[in-house]
Every structure is written in C-alpha cells, then in structure tokens.
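J.: Would you mind keeping the following structure in view while I ask a few things?
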Amino acid sequence: MKRILIPALISGSLLAASCSKMLDVKSHSAVATNTLSESDVEAFLVGTYNRMQNSPGSEAYISFDIVGGNLINAGATSDGGLNTFISGVLRPENGLMANAWNGYYSALYQVNNLLETLGRLPETARNREIAGIAHFFRGLIYYNLVTRWGGVPVLEKNTNAKVPRDSEAATWAFVEKELELAMDQAPAYASGQYYQVSSIAAKALMARTKLAQGKKAEAAALAEEVIGSGSFQLDDFEKIFRAQQNTEEIFSFKNLTIESSIRVSTLFYTYAHAVKGSYVYRPTQETMDMFTADDKRTAMSVETFQGLRVINKYPSGQSGTDPIVVVRLGEMYLIAAEGRGLAGLTRLNELRARRGLGPVNPSGEAAYLDAVLLERRKELLGEGFRWHDLVRTGKAVSTLGLLDREVKYPLPMNELALNRNLEQNDDY
C-alpha cells in the first residue's frame with residue numbers, strides 16, 4: 001500500500017496510555033472526518049490498513065509464542081527458568097501488556113472513524129465493501145483483545161467515557177457479529193490478492209473464532225468451506241515466509257518497509273547475523289527438537305547460527321520488513337482436523353503430507369487432540385497461537401506450569417489507574 005499523504009489520514013501514534021483516554025481525543029487530523037468526500041475514503045482505508053498493521057507493535061504478533069513455551073529470553077543461560085520468564089511477562093506493569101492493549105484500541109479508533117464516515121456517505125457498492133473491510137478489522141481487534149484479557153470494553157463508537165468491561169461472552173458475540181458483517185459485505189477474493197481483506201478471509205477468521213470458543217462443529221464447517229472454495233491450495237512453505245507469490249495465504253499485511261515499524265525479525269536474530277538484530281527471544285530446545293530433517297518447514301522455521309537458536313520465519317532483520325500472515329490455509333486444515341475430532345484425521349494427514357511427513361494414526365480422541373496441537377505448534381510457530389491453544393484446550397497450567405491466573409493476561413497497570421471503572425483479572 002502507498003504511504004498516506006493526507007495529514008488527516010496519517011496513522012500517527014496516540015499520546016494517551018489508556019483505552020478511555022485514547023478514545024478521549026479529537027480527530028487525529030487536520031481534516032475532520034465529517035468533511036471527507038467519497039474519494040477521500042479510499043485514502044482513509046489505506047490509513048486504516050496502516051494503523052491495523054503498526055499499532056499493536058512487533059511483539060504483539062508473537063505474544064502467544066512468548067508466553068506459550070515456544071520462546072524464552074535470549075539471555076537466559078538455560079530453558080529451566082521458563083515458568084519464571086512467563087510469569088515475568090504476565091505482569092500488569094510489563095510493557096508488553098500496555099503496548100498491545102493501547103495498540104489495539106488505537107487501531108479501533110481509526111476503524112470506528114472509518115465506519116462513522118461511511119455512515120454519512122451515500123450507500124454505494126464500494127462503500128459497502130469498505131464497510132465490510134472495517135468490520136473485519138474490528139472483529140480482528142476484538143478477537144485479539146478477548147483471547148488475551150477476556151471481557152473488555154466493547155466500543156462501536158469512539159467515546160470519552162471511562163467505560164467498564166463487557167463480559168467475555170458479550171465480547172465474543174461482538175466478534176462474531178462483526179465477522180458476519182464482513183462475510184456479507186467485504187469484497188470477494190481475487191486470485192493472488194491476499195494483501196487485501198476479503199469475504200473469505202472473514203470466513204477463515206470466523207472459523208478461528210468458533211474454534212476458540214469450543215464451537216468445534218461450526219469451526220470445522222467454516223474451515224471446510226474455505227478449503228473447498230477453490231481459491232487456495234497448500235503451497236511450498238518457503239514461499240509463504242519469503243514473500244513469494246503463493247496459493248496459501250488468505251490475508252496478510254504486506255508490511256512494506258516504507259510504511260511500517262513492524263520488524264519482528266530483529267527480535268530473533270543476533271547482531272552477528274548477516275541481517276542483524278537485537279536477539280531478544282530464542283526458541284527453547286523443546287521447540288527446536290519438534291522439527292526433523294524430513295519436515296519441509298524446518299529450515300523456514302528454526303535455525304542455529306553460531307551456536308545460537310533463532311526463529312527463521314521473518315528473515316529481513318534490520319534491513320527491512322517481512323509480511324505478517326494473519327490467516328492462511330494451513331490453519332484451516334488444522335481447524336477442520338481439530339473441529340471434527342478423530343473423524344478429521346484425513347485433513348491432518350493431508351497437511352503433514354504436504355510438509356513432507358508421513359501419516360499419523362492416534363488411538364482415541366485424547367491422543368488425537370495432542371497430535372493436532374503438536375502439528376499446530378510446528379505449523380504455526382512464531383505466528384502467535386501457542387499460549388491460547390493451550391488455554392482454550394485446558395492444558396496451559398499443566399503443560400507450562402502456569403499459575404491459575406495466567407490463563408488470562410493482566411490488564412495494564414496504567415490502564416487501571418486511568419480508568420477506575422475497569423476491574424483487574426482475578427488474582428493479579
């Protein structure tokens with residue numbers, strides 16, 4: 001996407017730290033949204049893509065890997081302190097909590113502005129499509145919020161009120177409502193145009209949303225519709241993570257260097273590496289050991305450089321940016337496999353075969369779920385799934401040794417101080 005030139009639409013940062021304060025700001029712009037013409041809305045949409053891409057920050061994209069046992073602090077002398085590392089991240093004062101919370105609500109501010117503007121313009125086919133894209137983004141924002149914090153303030157309009165939290169059930173219902181609108185209104189997918197939101201991308205995200213709530217049959221049915229659409233096929237793993245044209249991505253942020261501050265790769269590579277980086281996190285040895293020589297994902301997923309373990313899905317380092325995959329077909333195969341239980345074994349083995357691995361044949365539903373979760377861990381490493389996969393299947397405490405409270409993120413400390421109507425998650 002192009003850099004936005006209209007000051008009104010530039011995706012600038014918000015100075016406020018809280019959701020209530022963040023939404024208690026005047027327009028970000030020199031041009032009020034109520035003066036925008038229909039032609040301006042296209043530029044506003046570009047600004048919305050930009051804000052969605054940038055606002056959460058690099059670590060938000062791998063947050064569930066950070067606290068899900070896939071990663072540990074790069075400076076740790078061993079993996080033995082993994083529990084302590086995770087507990088240190090899941091603290092109300094940890095900047096990762098505040099950056100993500102503020103980033104998602106910052107993006108929401110832009111999305112709500114776009115929808116408000118569209119509500120004042122003539123109803124055209126294109127404006128309907130843009131509204132569908134905005135609803136997709138609002139669904140994605142709230143999916144990210146509810147999977148981290150549970151119930152959060154659900155805001156369909158920007159407000160300066162200090163709003164309380166909605167229930168977790170109400171938040172999930174809002175996600176589904178937004179994605180239903182996106183499925184109905186967003187543009188149809190055009191072959192190869194996976195850097196643009198489409199109605200089928202909304203369907204794929206709805207499949208993820210259903211699975212996250214334990215609605216397995218619905219999740220599997222939606223995933224099967226995406227698989228059977230004919231628009232996508234499983235592709236070579238290196239194409240997905242080396243920015244090559246492929247048939248597997250459903251929606252990704254292109255994340256061009258000219259417009260983006262998101263450099264996930266700098267968190268993984270050392271300064272001695274050719275692309276250079278800060279080496280903040282490294283994969284645990286257990287994560288490295290998941291991969292075998294015959295697994296076609298291995299080289300694209302992990303690497304050892306000068307004796308140091310690195311994640312290899314984001315290769316640009318300080319030299320540039322890498323696309324951020326939001327949803328892709330491999331995940332749909334895994335949702336279909338998990339949602340159908342042992343009856344979905346064919347989908348699991350189809351994915352494994354495309355990745356160079358032989359079939360598995362677990363005996364019983366419990367062993368089958370473990371096989372699916374292991375495949376998800378390998379397939380989706382570094383894409384932000386692991387912690388919530390363990391939480392939603394009730395395995396987080398036993399697998400990671402978490403405290404009971406750590407199946408939710410704590411609300412940021414500054415947020416609670418600025419909005420007394422919010423309540424902290426239990427036991428934080």
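J.: Would you say residue 275 is among the aliphatic types (A, V, I, L, M), over 20 Å from the mean Cα position of the chain (by Cα) and in a strand (DSSP E or B)?
T.: Details: among the aliphatic types (A, V, I, L, M): yes; over 20 Å from the mean Cα position of the chain (by Cα): yes; in a strand (DSSP E or B): no.
Considered against the rule, which asks whether it is among the aliphatic types (A, V, I, L, M), over 20 Å from the mean Cα position of the chain (by Cα) and in a strand (DSSP E or B), residue 275 comes out as no.
J.: Report whether or not residue 393 is within 23 Å of residue 63 (Cα to Cα), at pLDDT 95 or above and among the hydroxyl-bearing types (Ser, Thr, Tyr).
T.: Spelling it out, residue 393 is indeed within 23 Å of residue 63 (Cα to Cα), at pLDDT 95 or above and among the hydroxyl-bearing types (Ser, Thr, Tyr).
J.: If you don't mind, another one. Would you be able to tell me the number of residues in segment 77-88 that are touching a residue at least 12 places away in the same chain (Cβ under 8 Å) and open to solvent by 10 Å² or more (accessible area, probe 1.4 Å)?
T.: Selection size over segment 77-88: 5.
J.: Have a look at 375, 383, 406 and point out the one that is part of a helix (DSSP H, G or I) and under 19 Å from the mean Cα position of the chain (by Cα).
T.: 375
J.: A follow-up question, please. Keeping to segment 157-191, report how many residues are open to solvent by 70 Å² or more (accessible area, probe 1.4 Å) and over 19 Å from residue 210 (Cα atoms).
T.: Taking segment 157-191 as the starting set, the residues that turn out to be open to solvent by 70 Å² or more (accessible area, probe 1.4 Å) are 157, 160, 162, 164, 168-169, 177, 180, 184, 188, 191.
Pick out the ones that are also over 19 Å from residue 210 (Cα atoms) and you get 157, 160, 162, 164, 188, 191.
The qualifying residues number 6.
J.: Further, regarding this structure: Counting only residues that are assigned to a loop (DSSP other than H, G, I, E, B) and over 21 Å from residue 80 (Cβ atoms), which one in segment 386-403 is nearest to the chain's Cα centre (by Cα)?
T.: Ranking the candidates gives 393 first.
J.: Across segment 400-412, what is the total count of residues that are surrounded by fewer than 17 Cβ atoms within 10 Å (Cβ to Cβ) and either acidic (Asp, Glu) or touching a helix residue (DSSP H, G or I) at 6+ places or on another chain (Cβ under 9 Å) (or both)?
T.: Counting residues in segment 400-412 that are surrounded by fewer than 17 Cβ atoms within 10 Å (Cβ to Cβ) and either acidic (Asp, Glu) or touching a helix residue (DSSP H, G or I) at 6+ places or on another chain (Cβ under 9 Å) (or both) gives 3.
J.: For segment 149-169, what are the residues that are among the hydrophobic types (A, V, I, L, M, F, W, C) and over 14 Å from residue 425 (Cα atoms)? Before the answer, list the steps.
T.: So in segment 149-169, the residues among the hydrophobic types (A, V, I, L, M, F, W, C) come out as 149, 152, 154-155, 161, 163, 169.
Correct list: 154, 155, 161, 163, 169.
J.: If you don't mind, another one. Just checking, how many residues over segment 293-308 are touching a residue at least 60 places away in the same chain (Cβ under 8 Å) and either part of a loop (DSSP other than H, G, I, E, B) or open to solvent by less than 60 Å² (accessible area, probe 1.4 Å) (or both)?
T.: Residues in segment 293-308 being touching a residue at least 60 places away in the same chain (Cβ under 8 Å) and either part of a loop (DSSP other than H, G, I, E, B) or open to solvent by less than 60 Å² (accessible area, probe 1.4 Å) (or both): 7 in total.
J.: Here is a further query. In the list 131, 170, which residue meets the criterion of being under 20 Å from residue 53 (Cα atoms), in a helix (DSSP H, G or I) and modelled with pLDDT of 95 or more?
T.: 131 is the lone residue from the list that is under 20 Å from residue 53 (Cα atoms), in a helix (DSSP H, G or I) and modelled with pLDDT of 95 or more.
J.: Next question. Name the residue that is nearest to residue 286 (Cα to Cα), counting only residues in segment 409-428 that are assigned to a helix (DSSP H, G or I) and not charged (D, E, K, R). Walk me through how you get there before you give the answer.
T.: Initial filter on segment 409-428 (assigned to a helix (DSSP H, G or I)): 413-418.
Next, only the ones that are not charged (D, E, K, R) stay: 413-414, 416-418.
Details: 413: 33, 414: 35, 416: 37, 417: 39, 418: 41 Å.
If we take residues in segment 409-428 being assigned to a helix (DSSP H, G or I) and not charged (D, E, K, R), then 413 is nearest to residue 286 (Cα to Cα).
J.: So which residues in segment 369-392 are open to solvent by less than 20 Å² (accessible area, probe 1.4 Å) and of a type in the set (A, V, I, L, M), if there are any at all?
T.: 372, 373, 380, 381, 390
J.: Another question, if that's okay. Restricting to helices (runs of 4 or more DSSP H) lying wholly in segment 56-99: which have 3 or more residues that are out of contact with any helix residue (DSSP H, G or I) (no Cβ under 6 Å at 6 or more places or on another chain) and at negative phi?
T.: Working: elements: 58-61, 63-66, 82-89.
Hits in segment 56-99: 82-89.
The rows are residues; the columns are (1) within 30 Å of residue 278 (Cα to Cα); (2) surrounded by fewer than 21 Cβ atoms within 10 Å (Cβ to Cβ).
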| position | (1), (2) |
| --- | --- |
| 311 | yes, no |
| 314 | yes, no |
| 328 | yes, no |
| 331 | yes, no |
| 335 | no, no |
| 344 | no, no |
| 349 | no, yes |
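J.: In segment 192-202, how many are surrounded by 23 or more Cβ atoms within 10 Å (Cβ to Cβ) and in a helix (DSSP H, G or I)? So that I can check it myself, show each step before the final result.
T.: Looking only at segment 192-202, we keep the residues that are surrounded by 23 or more Cβ atoms within 10 Å (Cβ to Cβ), and these are 194, 197-198, 201-202.
After this cut, where a residue has to be in a helix (DSSP H, G or I) as well, the list is 201-202.
Counting residues in segment 192-202 that are surrounded by 23 or more Cβ atoms within 10 Å (Cβ to Cβ) and in a helix (DSSP H, G or I) gives 2.
J.: Can you confirm whether segment 116-135 contains a residue that is surrounded by fewer than 15 Cβ atoms within 10 Å (Cβ to Cβ), of a type outside the set (Val, Ile, Thr) and under 26 Å from residue 412 (Cα atoms)?
T.: no
J.: Could you please give the count of residues in segment 235-252 that are basic (Lys, Arg) and in a helix (DSSP H, G or I)?
T.: Number of matching residues: 1.
J.: If you don't mind, there's one more thing I want to ask. Just checking, which of 275, 280, 264 is surrounded by fewer than 20 Cβ atoms within 10 Å (Cβ to Cβ), in contact with a strand residue (DSSP E or B) (Cβ under 9 Å, 6 or more places away or on another chain) and under 30 Å from residue 82 (Cα atoms)?
T.: The conditions single out 280.
J.: Right, next: Would it be correct to say that residue 174 is touching a residue at least 12 places away in the same chain (Cβ under 8 Å) and more than 25 Å from residue 67 (Cα to Cα)?
T.: yes
J.: Residue 252 passes all but one of (1) more than 28 Å from residue 354 (Cα to Cα); (2) open to solvent by less than 20 Å² (accessible area, probe 1.4 Å); which number fails?
T.: (1)
The values are calculated or read from the model by the stated rules, or taken from the named source; none is laboratory data. This structure is a prediction, so every number in the text was calculated from the model and none was measured. Counting neighbours? That spans all protein chains shown, and the Cβs are built from the backbone with ideal geometry, glycine included. These area figures cover heavy atoms from the full protein model, side chains too; ligands, DNA and RNA do not enter into them. Shrake-Rupley method; radii C 1.70, N 1.55, O 1.52, S 1.80 Å.
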